[in-house]
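A.B. asks: Below: one structure in structure tokens.
The values are calculated or read from the model by the stated rules, or taken from the named source; none is laboratory data. Everything numeric in this text was worked out from a predicted model, so none of it was measured. Note that each Cβ is placed from the backbone with ideal geometry, even for glycine, and that neighbours are counted across all protein chains shown.
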Amino acid sequence: MIDHIAQLREKIESAIIQDKSTLESFRRDFISKKGSIACLFEAFKQLPTEAKKAIGPALNGLKSQAEKKFKSAASALEAATKPSTQPPVDVTLPAFGTPMGSLHPLTIVQNKIISIFQRIGFNLAEGPEIVGDWHNFTALNFPENHPARDMQDTFFLQRDPDQLLRTHTTSVQISTCAAQSPPIRSIAVGRVFRNEAISTRSHCFFHQVDGFYIHTDVTFSDLKGTIYHFVESMFGQETKLRFRASYFPFTELSAEVDINCRLCQGKGCTVCKYSGWVEILGAGMIDPNVLTNCHIDPEQYSGFAFGMGIERIAMLLYQIDDLRLFSENHLAFLRQFTAC
């Protein structure tokens, strides 16, 4: 009888009930008064007392299993045939729109900068964020232990002190010159890192655009014309601009370029330090030592280079007075640029 119970258990488990007809067949075969389980109970009555103790629990469990499956299937069929109280779905109606994202303001400004320079022949170059001392400093005329290296507080990698997080995208200039021969007209865009205090005007990481042009007979006038073109295209022809003499290890002559502060219209504010002017980029003629380090003959070729922070340009363009907003991912701030 134990074997017979096991066989019935398998049949009950594998039985498929998909409509009222199969439900009735299941009831008739297993749990009706003339079904298989009822027949087993009749045979059970004739067993000795000791056998009943061993077989009784298994037989009761079989009956419980069959009844449970019958009730569950009956409830499911009843629910399936019951009229729905929900209104019918009109599949021809248009779907609900998915909220669209938007470009980050820094990406918008970056793309605009790239477009301005590509229109006058600059190619886009890329480079790694982790570079060696050669690309970031030495090849750019930063002598070892020279005070000029203190101009940029650098993150060095602990596993290899010669490797560092690039402090400027000017490092891409070295790798680009190693792969190409003049004439070269290129811009590099990317994230850079400096160990600086985070404030409304500075951050430990930010984004830069570096550009350079190397050819025969390149002069400072070519540099000025390029910068004037950029400022007018980005900020408008009414923007005032000035060049100030400065120092960078990798350029000689060197200059910083200021425009009138767009946040206060030149009246003075915290962003322009109440001067009415804001620096937007550094520039100059590429130092002959840099050309030599790039295996370019400084007697035959000359060039200019410039670099700017994308955050600074975005702050002026959109009149934002806190640089930290660009990296804090506040949706209320970012949603203002969905139409840009």
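A.B. asks: Looking at Ser186, Ser199, Ser233 in this structure, which one is in contact with a helix residue (DSSP H, G or I) (Cβ under 6 Å, 6 or more places away or on another chain), among the small types (Gly, Ala, Ser) and outside any strand (DSSP E or B)?
C.D. replies: Checking each option against the conditions leaves just Ser233.
A.B. asks: Quick one: count up the residues across the stretch 105-132 that are in contact with a Leu (Cβ under 7 Å, 6 or more places away or on another chain) and either assigned to a loop (DSSP other than H, G, I, E, B) or farther than 20 Å from Ile227 by Cα (or both).
C.D. replies: So the answer is 3.
A.B. asks: Does Ser175 fit the bill of being without any contact (Cβ under 8 Å) to a residue 60 or more places away in the chain, over 20 Å from Ile280 (Cα atoms), small (Gly, Ala, Ser) and assigned to a helix (DSSP H, G or I)?
C.D. replies: Yes; evaluated as a whole, the condition is true for this residue.
Residue-by-condition table, conditions (1) at pLDDT below 85; (2) more than 22 Å from the chain's Cα centre (by Cα); (3) crowded, with 16+ Cβ neighbours inside 10 Å; (4) not polar (S, T, N, Q):
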| residue | (1), (2), (3), (4) |
| --- | --- |
| Lys69 | yes, yes, yes, yes |
| Ser115 | no, no, no, no |
| Asn141 | no, yes, yes, no |
| Pro147 | yes, yes, no, yes |
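A.B. asks: Where residues in the stretch 1-57 are of a type in the set (Gly, Ala, Ser) and under 24 Å from Thr81 (Cα atoms), which of them is surrounded by the most Cβ atoms within 10 Å (Cβ to Cβ)?
C.D. replies: Here the residue is Ala15.
A.B. asks: Confirm whether Ser181 is outside any strand (DSSP E or B), surrounded by fewer than 18 Cβ atoms within 10 Å (Cβ to Cβ), at pLDDT 90 or above and at negative phi.
C.D. replies: yes
A.B. asks: Residues Ile296, Ile313, Ile214, Ile259: which one is in a helix (DSSP H, G or I), of a type in the set (A, V, I, L, M) and either closer than 18 Å to Ser115 by Cα or more than 31 Å from the chain's Cα centre (by Cα) (or both)?
C.D. replies: On inspection, the qualifying residue turns out to be Ile313.
A.B. asks: Mind listing just one residue for me: the one in the stretch 236-250 that is assigned to a strand (DSSP E or B) and out of contact with any helix residue (DSSP H, G or I) (no Cβ under 8 Å at 6 or more places or on another chain) and, of those, nearest to Gly309 (Cα to Cα)?
C.D. replies: Among residues in the stretch 236-250 that are assigned to a strand (DSSP E or B) and out of contact with any helix residue (DSSP H, G or I) (no Cβ under 8 Å at 6 or more places or on another chain), the one nearest to Gly309 (Cα to Cα) is Phe248.
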